[in-house]
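Student: Got a structure for you, questions after.
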Amino acid sequence: MALSVDKWVGFGSAMAGFGLLWSRMPEHVHDEARHIISSLVPILMSYFNPYEQISISEYGEDRFRRNKMFDAVSTYLRSTCLDVASKLKAEVGNKSNDDPLISLDEDQEVLNNFNGARVWWRLCPKSTKNRAVTVITVPVGDSSEQPRCYKLAFHQRHRKLVLDSYLPGVVRLWRELTAKNRQRQLFTNHSRDGKSHYWINVPYNPPAAFDMLAMEHSKKVEIMEDLAAFREAKEYHSKVGKAWKRGYLLHGPPGTDKSTMIGAMANFLGYDVYDLDLTSIKDNAELRKLFLDTTDKSIIVIEDIDAIEVELTTKRKGKEAAQENSDKRTVVEVRDKTNDNGKVTLSGLLSFVDGLWSACGSERIFVFTTNHLDRLDPALIRWGRMDRHIEMSYCRFEAFKMLAKSYLGITEHSLFGEIGQLLDEIDTTPADVADNLMLRARGKRGGEINRLLDEMNGAPADHMLRVKRRREANACLAGLVETLKKAKMKSATPPLDSME
């Protein structure tokens, strides 16, 4: 007993001595000691803690692309774990008739059971950290750029089950639900605070279809067959060692349905559409990030590429300029004429169309549109980059008949001959013709039809409807003839400058 007391007395004396020594040490030593202790405690706790953790960030490193695993977990938790969560978040989509989208709120933890293993999920903001676990990264992005991430905790004895079975099952369910509920999206690039670019999207349901296009029937069939062949050509592209992609150049004057053609292509293939604004991209690195963040089965569009100011400059240095084999550096400045802050190189743009980066993705279609084919650099539109050049021309008689069938529901009329002759004599766009064929149920035409219907009280409803449609078609076609005659007279009148 006395020995035990002596031990405690000795221990107390040692502690008193240490306390005295500690009090005499400089303050910076105290701070360093506290820092070491605070760093060792989480490590020790992690060593003795039997639970492990996987972090799944919303974005990958350097925001090159969105982490699809994050989307997979979000979809999985919405379909399996909402019933056991007490904190939920509700959002409404872009459509007014969309049902609310329910998902986990931040810092909400839910329990999920899988083959006897219990796992816990939590959606954490950037500031949420947990040091008392072993962390496995799958993959973690830069926390300074993207705050959100999912954390999955489980007992270490279930590690193999989680990695080999549970997480692959999450991905499989995500793919099944995505394929079942897939909705086409329209993406456009957006700059946050004038710095890095990323894609924003809205649901995309274009009403356009190939049978509505004001174009020769044989030409439409040819384009649809080409698209269908591309969709089924995965093995062929692999066999010949080419990236599974195709380029289309749509050229013609404004109002010739180039944008409508893109919508028809998206409807025919069921692809998403990425509308790329080159003028707002500052350099090749930003362009590379955007392309890498696009998905397969998509149409990447650069509209009105002729309206972008492109300057080619060749630079040489010193005496190398006089040498026959001196290197040339060609730079393309792509910018809006009112904004001089966008620069990409020509090689940077073309490398994604058919160069090195074109293999990063598959089943993609590139579409360039232009109002002036002669203004484009041949390097942009040569075969292999733009595989098909599709002319969207002025409205002729066969295209007019397609519009008349779509807008008025008629295939023949006494005015068709006169309209066909006028369309052969002047250049007018399908948009101008369609504007004259739009039914006006109000105003002067509506008053005429209402007076006619008042005179036909007691007539069968289907007969009244046929009469109404015929009168509307007569008024629209007569208006079109008048518009075309005015355009013909205007084109035949010489300008004042030439008369002087």
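Student: Does region 212-226 hold any residues that are of a type in the set (A, V, I, L, M) and in contact with a strand residue (DSSP E or B) (Cβ under 8 Å, 6 or more places away or on another chain), and which are they?
Tutor: ILE223
Student: Right, something else. Output the number of residues of region 382-393 satisfying the condition of being in contact with a helix residue (DSSP H, G or I) (Cβ under 8 Å, 6 or more places away or on another chain), open to solvent by less than 80 Å² (accessible area, probe 1.4 Å) and not basic (Lys, Arg).
Tutor: Adding up the residues that qualify gives 3.
Student: Considering only residues that are of a type in the set (Asp, Glu) and over 36 Å from the mean Cα position of the chain (by Cα), look in region 398-433 and name the one that is surrounded by the most Cβ atoms within 10 Å (Cβ to Cβ).
Tutor: Applying the filter and picking the extreme gives GLU418.
Student: What pairs come up if the first residue lies in region 197-222 and is in contact (Cβ under 8 Å) with a residue 12 or more places away in the chain and assigned to a loop (DSSP other than H, G, I, E, B), the second is among the acidic types (Asp, Glu) and open to solvent by 30 Å² or more (accessible area, probe 1.4 Å), and their beta carbons are under 8 Å apart, counting only those six or more places apart or on different chains?
Tutor: Every condition considered, the pairs that remain are LEU213/ASP257; ALA214/ASP257; MET215/ASP257; GLU216/GLU398.
Student: From the list ASP306, ASP293, pick out the single residue that is surrounded by fewer than 19 Cβ atoms within 10 Å (Cβ to Cβ) and of a type in the set (Asp, Glu).
Tutor: Only one candidate qualifies: ASP306.
Student: Let me ask another. Enumerate the pairs (first residue in region 67-89 and open to solvent by 60 Å² or more (accessible area, probe 1.4 Å); second residue anywhere and in a strand (DSSP E or B) and at pLDDT 85 or above) with beta-carbon separation below 6 Å, excluding pairs fewer than 6 apart on the same chain, so at least 6 apart or on different chains.
Tutor: Pairs that qualify, where the first residue is open to solvent by 60 Å² or more (accessible area, probe 1.4 Å) and the partner is in a strand (DSSP E or B) and at pLDDT 85 or above, are VAL84/VAL110.
Student: Restricting the search to region 215-236, which residues are open to solvent by 20 Å² or more (accessible area, probe 1.4 Å) and over 20 Å from ASP296 (Cα atoms)?
Tutor: Those that are open to solvent by 20 Å² or more (accessible area, probe 1.4 Å) and over 20 Å from ASP296 (Cα atoms): GLU216, HIS217, SER218, LYS219, VAL221, GLU222, GLU225.
Student: Oh, and also: Would you check if there is a residue in region 93-114 being modelled with pLDDT under 75, open to solvent by less than 90 Å² (accessible area, probe 1.4 Å), over 20 Å from VAL171 (Cβ atoms) and not charged (D, E, K, R)?
Tutor: Yes, region 93-114 has at least one match.
Student: Quick one: which residue in ALA441, ALA487, ALA459 is under 40 Å from the mean Cα position of the chain (by Cα) and either at pLDDT below 85 or part of a helix (DSSP H, G or I) (or both)?
Tutor: When all the criteria are applied, what remains is ALA441.
Student: Checking ARG335 against (1) part of a loop (DSSP other than H, G, I, E, B); (2) modelled with pLDDT under 50; (3) of a type outside the set (A, V, I, L, M): exactly one of these is not met. Which one?
Tutor: Unmet condition: (1).
Student: What number of residues within region 237-265 satisfy the criterion of being modelled with pLDDT of 90 or more, open to solvent by 40 Å² or more (accessible area, probe 1.4 Å) and within 26 Å of CYS360 (Cα to Cα)?
Tutor: Final tally of qualifying residues: 1.
Student: Ok, one more. For VAL344, state whether it is over 26 Å from PRO254 (Cα atoms), open to solvent by less than 50 Å² (accessible area, probe 1.4 Å) and at pLDDT below 75.
Tutor: Criteria met by VAL344.
Student: Which number in (1) farther than 20 Å from ASP211 by Cβ; (2) part of a loop (DSSP other than H, G, I, E, B); (3) at pLDDT 85 or above marks the one condition that THR411 misses?
Tutor: Here THR411 clears every test but (1).
Student: Sticking with this structure for a sec: Quick test for you: out of ALA209, ALA179, pick the one residue that is in contact with a helix residue (DSSP H, G or I) (Cβ under 6 Å, 6 or more places away or on another chain) and either at pLDDT below 90 or open to solvent by less than 50 Å² (accessible area, probe 1.4 Å) (or both).
Tutor: From the options ALA209, ALA179, the qualifying one is ALA209.
Student: Follow-up question, since we're still on this one. Quick test for you: out of ARG375, ARG364, pick the one residue that is among the basic types (Lys, Arg), touching a residue at least 24 places away in the same chain (Cβ under 8 Å) and closer than 21 Å to GLY263 by Cα.
Tutor: Being among the basic types (Lys, Arg), touching a residue at least 24 places away in the same chain (Cβ under 8 Å) and closer than 21 Å to GLY263 by Cα holds for just one of ARG375, ARG364, which is ARG364.
Student: Further, regarding this structure: Within region 369-387, is there a residue that is touching a strand residue (DSSP E or B) at 6+ places or on another chain (Cβ under 8 Å), at pLDDT 80 or above and closer than 18 Å to ARG288 by Cα?
Tutor: Yes, there is a match, as at least one residue in region 369-387 is touching a strand residue (DSSP E or B) at 6+ places or on another chain (Cβ under 8 Å), at pLDDT 80 or above and closer than 18 Å to ARG288 by Cα.
The values are calculated or read from the model by the stated rules, or taken from the named source; none is laboratory data. On a predicted model such as this, the values are computed, not experimentally measured, just so you know. Because the Cβ atoms are built from the backbone with ideal geometry, glycine has one as well, and the counts that use them run over all protein chains shown. Ligands, DNA and RNA are stripped out before the accessible areas are found, and what is left, the full protein with its side chains, is counted by its heavy atoms. Shrake-Rupley method; radii C 1.70, N 1.55, O 1.52, S 1.80 Å.
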